[in-house]
Each structure stands twice: as C-alpha cells, then as structure tokens.
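Structure incoming, see below.
The values are calculated or read from the model by the stated rules, or taken from the named source; none is laboratory data. Quantities reported herein were computed from a predicted structural model and do not represent experimental measurements. FYI the Cβ positions are ideal-geometry reconstructions off the backbone, even for glycines, and counts take in every protein chain you see.
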Amino acid sequence: MNIANIEDYRKLCEARLPRFLYDYISGGSYQENTLRANIAELQATLLRQRVMVDESHLNLSIDLWGQAMSLPIVLGPVGMAGMYSSRGEVKAANAAKAAGIPFTLSTMGVCDVHEVAQKTGIPPWFQLYMLKDRGFVKSVIERSVSAGSKVLVFTVDLATPGRRYSEVHDGMEKDPTFLGMLGFVAQGATHPRWALDIIMKGRPLKFGTVAEAMPKGVPYGKFVHDNFDASTTWKDIEWIRSIFPGKIILKGILDPEDAKRAVQTNIDGIVVSNHGGRQLDSVTSTIRALPKVVDAVQGSVPVFMDGGIRSGLDVLKALALGAKACFVGRAWAYALGAAGESGVRDMLEILKEELRVGMILTGCNDVNRATPDLLLKD
C-alpha cells in the first residue's frame, strides 16, 4: 500500500495491531461526540485560496523560547507507545529529532525518560500526570530533570479518567477475566509480526517512568483509576515549579477563565486540549475553543493546540487562529503502529508537505505570520 496521508496510516495500524491496542489509540470517551467534533470542525473550517502571491521563499520554522523548531509541530504524549512498536517512544523521538521538532514522553510511556534521552541524544519534553503519592511524583519530576528535560507538560484534565467503552469491551479498564486474558493472547497470536517485534525487541514491557509505583499484574486502566489524583488544584503548580526548573506547559485547557487563571500561576505555555476526546465527552472541539483561549491570554504565553490534527492543512488552520504550534498524538501513534520509526518520519514529511502546499495556495509565506485572514469567514 502506497501511503498518501494520515488516514492511510490509521488503516494500516488497525490491520497490524491487536484490536485492544488499536482501540486504545483510536477510541474516545462515551459516545465519542467530542472525538468526532475535533476532526469534523477542523474539516469544516475553510481556507481562503489566494493567487498571484510570491511564494518562492517559504518559512515553516518557528522560534520557541530561543530554540528553533523546523516545523510548528510537537509530537505530543501518547501512552503505551512501546506496545505499538518495540521501544516505540525511542523510535518516535528519533523521528522527531530528524525532523527538528520536540518529542514529548508520556508519564505512561513504556520507555523511561533516561532511555529516550540516552538513545536519541536529546532529552525529551516530559508529560506529567498528578498521582496521589506526591513523594513519588516528586521523584518522577526529579528523574526528568536528571535526564535533562527542559520542558514539563503538565496534563490537567485527568483528575479522573473518562470512560471509554472500547476499553470496557476489551477488558483494559479493570481486572481482566481469565477469558479476557485469553482474548489478549489470541489477538497477539493473530498478529505475528507485531508479537515477534514486541517480544523479541520490546522488552522490558513496563511503564518505565512509573514502574516502581505500579504493582505487578495491575491493568493499566485500574492503575489510572486508583492512582490519579482528583484533589489537584492550582496551588500544585507552585509546588511543581519548586521542583522543575524549566518551562512548564499546562495541557488540557478549554475554558478562557481557566486560561486566565493559568497565566496568573506564571506557567510558560498552554495546550488547548480535550485529551483527544478521551476524557469528558460533549465538550467543545479544540479548534472552536482555540481563539477564545488565545484572546484570553493576550499574548502573555504561547498557546498550542491538539485534537483532530490529521493533515498539514489542519495545522495551518490552527496557526491562523492563534496557535504557536500543534501537538499531534494519534497521527504519530498510527504511523508508529503501522511502520515503526520510518512511519513516524514519513508521517511528519506528509504533514510538512501538506502545510507547505497550504501556505502557498493561501498566500502565506511564513507560519509566524498566519492570521485569521487565511480563513474563509461566513
């Protein structure tokens, strides 16, 4: 199959991964209204085609806190990536390094933050979930610091996990039954290429950064449900700041009032995010929330966006509405599951080319100058 776009990678990923893993990547919470809205409302946002503009010199790069990024794209945090392809987080980080953009390691990644830093030569951004055991959280943050991470992405929309029906059906939410475990084994057996890759090259198969806190044999969903902290408040930002000396980004902001409050805590950036439609269903899409958040912070911090990004044109639309860059998650997870590191590298090339074409045909020669004028107004 000749890959043309992210959707092709999604289809190939679906074919190559066991059902329970594919469902984990692709699924949303409850009726998946927000998951669909993220994609549909981006697609419904129309660009203005402009002609006879000199586009012979394009700039797709941005500067973020004094660091150059070759594209306005960040590989966002994705849990369990090392189960989609052996040492998957390292592979994705290598692809990001080759593209000249940051990679964000999930708290629930299979690979440890030190492994990613050592094997790629570049410390990743580190994504943090707040757990009930604050002493352990402190040690996790300190571990990211010792690995050289300069950016902490603190996810704030997971005080409790949203319910994803596919994970209930697959047995990932709670303790799996004996028959459920047999189902996992059977799915792996019917995907021999995946199974051999993970078994032969993917060990150790554990949540590297939080392995110490995760009792042996406890399913992922149960660990999340039992250990993620619903008592987290704005005061915890100051506590995190006392441990982490670098930049802190809050991920999971949708409401302008929360954005204003976030700025008051002296954070360094905001990701407009609804967790890819995986948390609270029937909330706003991120592309709809983005301009309100951008207006609320008044340029005081960079605003990023994730959710529904499936093409370089989607990236351009978000930039036009004020995003500094876009975090992508499912897009790289699909590519990783489909084709490993080469898939992620190719996925980024696809986004880059789509962004380049979109810029030329809208008369935008610099991503830093993207404005709402690029969009067709009603």
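If you go through segment 118-139, how many residues are buried (at least 22 other Cβ atoms within 10 Å of the Cβ) and in a helix (DSSP H, G or I)?
1
Counting only residues that are hydroxyl-bearing (S, T, Y) and at pLDDT 70 or above, which one in segment 154-182 is surrounded by the most Cβ atoms within 10 Å (Cβ to Cβ)?
Residues of segment 154-182 hydroxyl-bearing (S, T, Y): 155, 160, 165-166, 177.
Then keep just the ones that are at pLDDT 70 or above; that gives 155, 160, 165-166.
Details: T155: 22, T160: 12, Y165: 15, S166: 18.
Checking each candidate, the answer is T155.
Name the single residue that is surrounded by the most Cβ atoms within 10 Å (Cβ to Cβ) among those in segment 290-311 being within 16 Å of the chain's Cα centre (by Cα) and closer than 24 Å to G27 by Cα.
Among residues in segment 290-311 that are within 16 Å of the chain's Cα centre (by Cα) and closer than 24 Å to G27 by Cα, the one surrounded by the most Cβ atoms within 10 Å (Cβ to Cβ) is G307.
Does segment 313-331 include one or more residues that are in contact with a Ser or Thr (Cβ under 6 Å, 6 or more places away or on another chain), within 27 Å of A92 (Cα to Cα), modelled with pLDDT of 95 or more and not in a helix (DSSP H, G or I)?
No, segment 313-331 has no match at all.
Answer with yes or no whether V53 is in a loop (DSSP other than H, G, I, E, B), aliphatic (A, V, I, L, M) and under 21 Å from I101 (Cα atoms).
It is false that V53 is in a loop (DSSP other than H, G, I, E, B), aliphatic (A, V, I, L, M) and under 21 Å from I101 (Cα atoms).
Here's a follow-up. Quick check on segment 276-292: of everything there that is assigned to a helix (DSSP H, G or I) and touching a Gly at 6+ places or on another chain (Cβ under 8 Å), which residue is farthest from E354 (Cα to Cα)?
G277
Might you let me know whether segment 183-195 holds any residue that is in contact with a helix residue (DSSP H, G or I) (Cβ under 7 Å, 6 or more places away or on another chain), within 18 Å of F136 (Cβ to Cβ) and at pLDDT 70 or above?
Within segment 183-195 (the criterion being in contact with a helix residue (DSSP H, G or I) (Cβ under 7 Å, 6 or more places away or on another chain), within 18 Å of F136 (Cβ to Cβ) and at pLDDT 70 or above), the answer is no, since none of the residues qualifies.
Residues in segment 222-238: is at least one part of a helix (DSSP H, G or I), free of Cβ contacts under 8 Å to residues at least 40 places away in the same chain, in contact with a Pro (Cβ under 9 Å, 6 or more places away or on another chain) and not β-branched (V, I, T)?
Scanning segment 222-238 turns up at least one residue that is part of a helix (DSSP H, G or I), free of Cβ contacts under 8 Å to residues at least 40 places away in the same chain, in contact with a Pro (Cβ under 9 Å, 6 or more places away or on another chain) and not β-branched (V, I, T).
Please go through segment 108-117 and give me each residue that is closer than 22 Å to W239 by Cβ and either at pLDDT 95 or above or surrounded by 23 or more Cβ atoms within 10 Å (Cβ to Cβ) (or both), ordered by number.
Across segment 108-117, the qualifying residue is only V113.
Are any of the residues in segment 287-307 of a type in the set (S, T, Y), more than 27 Å from R10 (Cβ to Cβ), touching a residue at least 24 places away in the same chain (Cβ under 8 Å) and out of contact with any Asp or Glu (no Cβ under 7 Å at 6 or more places or on another chain)?
yes
Still on this model: For segment 255-271, which positions are within 20 Å of R288 (Cα to Cα) and either without any contact (Cβ under 8 Å) to a residue 12 or more places away in the chain or in contact with a Lys or Arg (Cβ under 9 Å, 6 or more places away or on another chain) (or both)?
D255, P256, D258, A259, G269, I270, V271
Follow-up. Taking R87 and the conditions (1) in contact (Cβ under 8 Å) with a residue 12 or more places away in the chain; (2) within 29 Å of I360 (Cβ to Cβ), which numbered condition does it fall short on, given that it satisfies the others?
(2)
It is to be established whether one or more residues within segment 342-354 are over 18 Å from the mean Cα position of the chain (by Cα) and either surrounded by 20 or more Cβ atoms within 10 Å (Cβ to Cβ) or not in a helix (DSSP H, G or I) (or both).
Quick first cut of segment 342-354, residues over 18 Å from the mean Cα position of the chain (by Cα) only: 342, 353-354.
Going one step further and asking which of them are either surrounded by 20 or more Cβ atoms within 10 Å (Cβ to Cβ) or not in a helix (DSSP H, G or I) (or both), we end up with none.
Taking every residue of segment 342-354 in turn, none turns out to be over 18 Å from the mean Cα position of the chain (by Cα) and either surrounded by 20 or more Cβ atoms within 10 Å (Cβ to Cβ) or not in a helix (DSSP H, G or I) (or both).
Inspect all residues belonging to segment 8-23 and state whether any of them is farther than 20 Å from G162 by Cα and not in a helix (DSSP H, G or I).
Yes, some residue in segment 8-23 is farther than 20 Å from G162 by Cα and not in a helix (DSSP H, G or I).
Run A95 past the list (1) aliphatic (A, V, I, L, M); (2) in a strand (DSSP E or B); (3) buried (at least 24 other Cβ atoms within 10 Å of the Cβ) and report the number of the one that doesn't hold.
(2)
A further question follows. Which of the residues belonging to segment 65-83 are without any contact (Cβ under 8 Å) to a residue 12 or more places away in the chain and assigned to a loop (DSSP other than H, G, I, E, B)? Full working, then the answer.
Initially, segment 65-83 is screened for residues without any contact (Cβ under 8 Å) to a residue 12 or more places away in the chain, giving 66-67.
Hit for segment 65-83 is G66, nothing else.
Given the criterion in contact with a Ser or Thr (Cβ under 9 Å, 6 or more places away or on another chain) and under 16 Å from W234 (Cβ atoms), identify the matching residue among V283, V263, V301.
Result: V263 is the single residue among V283, V263, V301 that is in contact with a Ser or Thr (Cβ under 9 Å, 6 or more places away or on another chain) and under 16 Å from W234 (Cβ atoms).
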